[in-house]
Each structure stands twice: as C-alpha cells, then as structure tokens.
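In what follows, a structure is listed as structure tokens, so that the remarks can point back to it.
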Amino acid sequence: MASTRQIDVGGVKIGGGAPVAVQTMTKTETANLAATMEQIQTVAAAGADIVRVAVPRDKDVEALRSIVRDSPIPVIADIHFNHTLALKAIDAGAHCVRINPGNIGGREKLALVVERAKQSGTPLRVGVNSGSLPAHLLELEFSNPIEALVRAAIETVELMESLRFENFKVSMKSTSVPNTIASNRELATRIDYPLHLGITEAGTKWSGSLKSAVGLGTLLADGIGDTIRISLSTFHAEEEVKVAWEILKALKLRERGPVLIACPTCGRLQFDMDSVVAEVERRLEAYEDPIEVSILGCAVNGIGEARHADFGITGAKDMGMIYSKGEPLKKVPTERLVDELFAEIDRYYASGRRVVRDEQKAAEARVWLAENEDPDAMTPERMAALEAEAAREASALDEADSPVAGRRFTRA
Ligand code: SF4
C-alpha cells in the first residue's frame, strides 16, 4: 500500500501521492562551507530534490545555518547519538532532521527533540538499520530478519506516536536487497507514513547502481516508496542523483531530461558505437526536455522498435542516417552522425518543437535505408518480437484451456 500521509520538507512534499523525491547526501565535511555548498549546487543541478548533510560535531551544526540559507534545495541534517545536535539543527533551520530514535539517548532525550520539532514545524526522518536493531530483537533478527526489521520500525512509529508526533517519514534499511524488498513490502501494509527507501552501503557505482535499481525499483514498481537515496561509494554525490533519476525514468514515475536508448549491438555492427553512445549521452546532458533519442548499430533491422523515438541515428560503415518518429530525415557520413543529430535536435527546438524535414534529403535517406535494410535478417530485435508473439500465443492457449476460461463472459 502506498503511503497516505504526507509531510513537507522545505516545500518538497513527501508521501500521500506526491512524486517520488530524489535525495542524496553530501560527501564533504559539512563544516567546510565552500566545499559543501559547491557539492549542493552540483547535486541540485543534477536534479536532487533534497540534500542531506552529516552533522556529527558542533562546528557542523554551526555551518548548517548558512547552508540552509544558501542551499537551492531543502536540507536534512543527519544526526546520530547526540540529541543536543538535533536540537541545534532544528534551531539552525534544517528543513528536516534525520535521527535514529534507538540511538539518540533514550525516551526523554527523544521527547526533547520531538517537542522542539513540534514547536518549529520541522519534520523528522526516523528509521532503523539492520545493523543496529534494539537488543530485544536480536534473537528474532537471527531467525527472521525481515520481521525483526519491520517490528523495529513499527516500534519506532509507536514511540513517535506515544509522544504525539506524526510529522515524520520512516526508513528501514538493510544491506540485503531481498530483505529490503520484503521488509518494506510488509511495512507498507502496516503503516501509512511516507517511506524513505535506500540500500545501505550499496557499493561501487556499478554494483551499487544495480543493487539499488533491483531493490528500490522493485518496491517503486509496487507503488512503495516516497523518497529515495542511492548510496554509492563515490565522492561525486551527483552520480547518486543520476542513478536515482534513471530508476524513476525507467519506471515512468517521473520525467527529467532526455531518455537515451541504444540497441545492444550484435555482429552486424559496423562502426564505433560505444564512442557514439558516450558522446550522445554527454551532449544530451545540456538538454532538459524529456525527448527520447535512439541509437541503432545498423540499418539491417530498419528503424523497427526505435520508431517512437523523437530523434535517432542509424550507424553503418561509411554512411548513416538521422531519423525522427520513425521517418528518415537525412543520410550523413558516419563521422558526422553525432553533429548532425544535434543539429536536427537544435533545429527542432528553434522551430518551436517542430521537426523540420527537407523532403529531398528525406527521400535520399529512404533510398539508403531501403538499400541497407534486410527484412529477412534474423536480428536480435526480430527474434525478441517473435519470442514475445510466441509467449502471447501460449498464454492465450493456456487461458482457453483453463477450466475457468470464459467465466467472465457468463451471466450470473
Ligand atoms: S541488428 Fe539490431 S542489435 Fe544488431 S547492430 Fe543492428 S540494430 Fe543493433
């Protein structure tokens, strides 16, 4: 069940049907104002909705006030063990404070933080981690780690409610992808507070992105999760933001910037597609519109599955083709493919989002495509289409054979 409650973190709505918010965390020493602000500007430009900063010392909380003032996006103070820092962070104007009620020093100290949060209207993020469950759940964690996590999260929610505080979101994190999925699915059936999703210590850019895409993507596809953070072992926090956006874009939950699609390549490839894809991806970063750009490694398959793309290129050995919405625009020498692609995209925007077609060049490109397309070639795309068709037919047959087939057409 998706969360029904909503909180407001510095103007960004979390939960209750709001778009899934992208978070990241600065990797700088928070007290180093120049470095921290530079990273916040970078992650904001990359699309972070909210940024979290670690506040482990007094000098960090002192820097927080100016960070909150100067940041283009809401700031969450991340605090462990020290309720005094949490109080100071609220006083410094943090848009949200992340605490773990289990390590903040007991109920009385938690109550002080909650009281201050109530007075200032500051939301809190409360959560549990698989590595730091309360002692009374350790035995359960051994026999049933998912239930232990869920129970710890629910006890935290009950603790907050016993202090008459409901302005919070919940996070329940684990290093295990299956446990993250199972426990959040279970928690989502038991509470209606907004959920923050993340995989603890996900790993390097490569493995961490994949783990996060599987874990968070599965939950988001179920409608679970209101804000996400991708934890990657890199100093470049903007990489976390880019991965988060790719997950949200892949699930069509949010749109931001162009979508690049590229064929997987096969033995028919005749040009340096890796370099072309990298160059197109780099240049697309300058565009904000969610246009779809496709790159095909050869013309053997025609435009095929890429016909919905706003713009695309088909490469070949010496000559390639630019197309738009399934229709050829022009053929160009392979070494000019990328430049000509972007010339067409820029012309499209300069003409008020209208594709400008030179009919003579389009006709030449059609001829080129007809000469290079091979309708009989068993390309990966055509094999995939045949497999999909076979699967559809098999499931239609299964349905026809089923004893309940046709029941939905029977009048009661
Ligand atoms: S046949 Fe398909 S996968 Fe192979 S290079 Fe051509 S477009 Fe790419």
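Through the Karplus equation 6.51 cos²θ - 1.76 cosθ + 1.60, θ set to phi - 60°, convert the phi angles of the stretch 292-297 into ³J(HN,Hα) values in whole Hz; use x for Gly and Pro.
With the stated coefficients, the stretch 292-297 comes to 9, 10, 10, 10, 10, x Hz.
I'd like the orientation of helix 273-284 relative to the chain: the angle between its Cα long axis and the longest Cα principal axis, in ° from 0 to 90, rounded to 10.
With both axes taken from Cα atoms, the answer is about 60 degrees.
If you rank GLU399, GLU240, GLU288, GLU201 by how much accessible surface each has, with a 1.4 Å probe, what is the order from largest down?
Numbers: GLU399 95, GLU240 0, GLU288 165, GLU201 140 Å².
Most to least solvent-accessible, the answer reads GLU288, GLU201, GLU399, GLU240.
Roughly how many debye, to the nearest 20, is the charge dipole of the stretch 15-101 about its Cα centre, given +1 on each Lys and Arg Cβ, -1 on each Asp and Glu Cβ, and no other charges? Could you put the intermediate results ahead of the total?
Working: 8 positive and 9 negative charges, 21 e Å.
The calculation lands at about 100 debye.
If you look for lysine pairs in the stretch 205-364 that are eight or more places apart or on different chains, how many of them have Cα atoms under 22 Å apart?
Lysine pairs, 8 or more places apart or on different chains, close enough: 14.
Antiparallel versus total DSSP beta bridges in the chain: what percent is that, nearest 5? Mind showing how you got there, number by number?
Values: 13 of 47 bridges.
Percentage antiparallel, nearest 5: 30.
Where Lys and Arg each count +1 and Asp and Glu each count -1, what net charge lies around ILE199 among other residues with Cβ under 11 Å from its Cβ?
Values: positive: LYS173, LYS211, ARG229; negative: GLU201.
Taking every other residue near ILE199 into account, the sum is +2.
For the charge dipole of the chain, defined by +1 on Lys and Arg C-beta atoms and -1 on Asp and Glu C-beta atoms about the Cα centroid, which residue among THR180, VAL128, ILE247 has the Cα displaced farthest towards the positive pole?
Of the candidates, VAL128 comes out farthest on the positive side.
For ARG357 and ALA388 in the same chain, what is the full-extension length gain: residue separation times 0.36 nm, less their Cα-Cα distance, in nm? Write down the numbers at each step before the final one.
Working: separation 31, 0.36 × 31 = 11.16 nm, distance 3.42 nm.
Separation in residues times 0.36 nm, less the Cα-Cα distance, equals 7.7 nm.
Under a point-charge model restricted to the Cβ atoms of Lys and Arg (+1) and Asp and Glu (-1), what is the dipole moment magnitude of the chain relative to its Cα centre, in debye to the nearest 20?
Details: 49 positive and 60 negative charges, 275 e Å.
Result for the chain is approximately 1320 debye, rounded to the nearest 20.
Nearest 5 is fine: what % of DSSP beta bridges in the stretch 226-378 come out antiparallel, could you say?
Numbers: 9 of 17 bridges.
Roughly 55 percent of the DSSP beta bridges within the stretch 226-378 come out antiparallel.
May I ask you to give the percent of accessible area on the chain that is carbon plus sulfur, with a probe radius of 1.4 Å?
Working: 10290 of 19760 Å².
C and S atoms contribute 52 percent here.
Give me, ordered by chain and number, the residues 5 or more places off GLU292 or on other chains with an amide H under 5 Å from its own placed amide H.
VAL259, ASP310, PHE311
Given the Cα atoms of the stretch 86-175, and with Rh set as the inverse mean 1/r over their pairs in the Kirkwood sense, what is Rg to Rh to two decimals?
On the way: Rg = 13.4 Å, Rh = 13.4 Å.
My calculation puts Rg/Rh at 1.00.
Work out from phi, with θ = phi - 60° and the Karplus expression 6.51 cos²θ - 1.76 cosθ + 1.60, the ³J(HN,Hα) of each residue of the stretch 334-349, listed in order in whole Hz, and give x for Gly and Pro.
Values, residue by residue: 3, 5, 9, 4, 5, 4, 6, 4, 6, 5, 5, 4, 5, 5, 4, 6 Hz.
Using Cα-only point scatterers and the Debye equation, what is log10 of I(q)/I(0) for the stretch 277-329 at each q in 0.17, 0.23, 0.26, 0.28 Å⁻¹, rounded to two decimals?
-0.51, -0.88, -1.05, -1.14
In terms of the ratio Rg/(2.2 N^0.38 Å) built on C-alpha atoms, what value belongs to the stretch 1-158? Mind dumping the intermediate values first?
Working: Rg = 16.2 Å, N = 158, 2.2 N^0.38 = 15.1 Å.
After normalising by residue count via 2.2 N^0.38 Å, the value is 1.08.
Which semi-axis lengths, in whole Å and largest first, follow from the square roots of five times the eigenvalues of the Cα gyration tensor of the stretch 51-98?
Numbers: eigenvalues 48, 21, 15 Å².
So the equivalent ellipsoid measures 16, 10, 9 Å along its semi-axes.
Dipole magnitude of the stretch 290-412 about its Cα centre, charges +1 at Lys/Arg Cβ and -1 at Asp/Glu Cβ only, in debye to the nearest 20? Don't jump to the answer; show the numbers that get you there.
Details: 17 positive and 24 negative charges, 125 e Å.
With Lys and Arg at +1 and Asp and Glu at -1, about 600 debye.
Using Cα springs under 10 Å in a Gaussian network model of the chain, which residue among PRO264, PRO101, PRO123 shows the largest mean-square fluctuation?
So, out of PRO264, PRO101, PRO123, the one fluctuating most is PRO264.
Pull up all non-local amide H partners of CYS266: gap of 5 or more, or a different chain, and H-to-H distance under 5 Å with H placed in the peptide plane.
Under 5 Å from the amide H of CYS266 lies no amide H from a residue far enough along the sequence or on another chain.
To the nearest 500 deg cm²/dmol, what mean residue ellipticity at 222 nm is calculated for the chain from DSSP H runs of n ≥ 4 alone, each contributing -39,500 (n - 2.57), summed and divided by the residues? List each step's numbers first, then the result.
Working: 13 runs with 181 residues, N = 412.
Computed ellipticity for the chain at 222 nm equals -14000 deg cm²/dmol.
Over 20 Å apart: what share of the alpha carbon pairs of the stretch 1-59 falls there, rounded to a whole percent? The partial results should precede the final answer.
Numbers: 643 of 1711 pairs.
When every Cα pair of the stretch 1-59 is considered, 38 percent fall beyond 20 Å.
If you take every residue apart from ALA244 with its C-beta less than 14 Å away from the C-beta of ALA244, what net charge results, scoring Lys and Arg +1 and Asp and Glu -1? Don't skip to the end; give the middle numbers.
Numbers: positive: ARG52, LYS205, LYS211, ARG229, LYS242, LYS249, ARG254, ARG256; negative: ASP49, ASP226, GLU238, GLU239, GLU240, GLU246, GLU255.
Once positives and negatives cancel, what remains is +1.
List the residues whose amide H sits under 5 Å from the amide H of LYS173, counting only those 5 or more places along or on another chain, with H placed 1.01 Å from N in the peptide plane.
So LYS173 has HN proximity to VAL128, ASN129, SER130.
Please give me the summed charge of the neighbours of THR4: other residues whose Cβ is under 11 Å from its Cβ, Lys and Arg +1, Asp and Glu -1. Display every interim value, and only then the final one.
Values: positive: ARG5; negative: ASP192, ASP226.
For residues surrounding THR4, the net value is -1.
Taking θ as phi - 60°, what are the ³J(HN,Hα) couplings along the stretch 88-105 by the Karplus curve (6.51, -1.76, 1.60), each to the nearest whole Hz, with x for Gly and Pro?
5, 5, 5, 5, 6, x, 3, 6, 6, 10, 9, 9, 10, x, x, 10, 8, x
Expressed in nm², what is the orientationally averaged projection area of the convex hull enclosing the Cα positions of the chain?
Numbers: hull surface 108.3 nm².
Quarter of the Cα hull surface area: 27.1 nm².
Of GLU141, GLU279, GLU186, which has the largest mean-square fluctuation in a 10 Å C-alpha GNM of the chain?
Comparing GLU141, GLU279, GLU186 in the GNM, the peak value goes to GLU279.
Largest first, please: the extent of the C-alpha atoms of the stretch 292-412 along each principal axis, to the nearest Å.
Per principal axis, max minus min of the Cα coordinates gives 63, 35, 21 Å.
The values are calculated or read from the model by the stated rules, or taken from the named source; none is laboratory data. Keep in mind the model is a prediction, meaning the values are calculated, not measured. Neighbour counts are summed over all protein chains in view; Cβ atoms, including those assigned to glycine, are modelled from backbone coordinates with ideal geometry. Accessible surface is based on the protein model in full, side chains and every heavy atom, while ligands, DNA and RNA are left aside. Shrake-Rupley method; radii C 1.70, N 1.55, O 1.52, S 1.80 Å.
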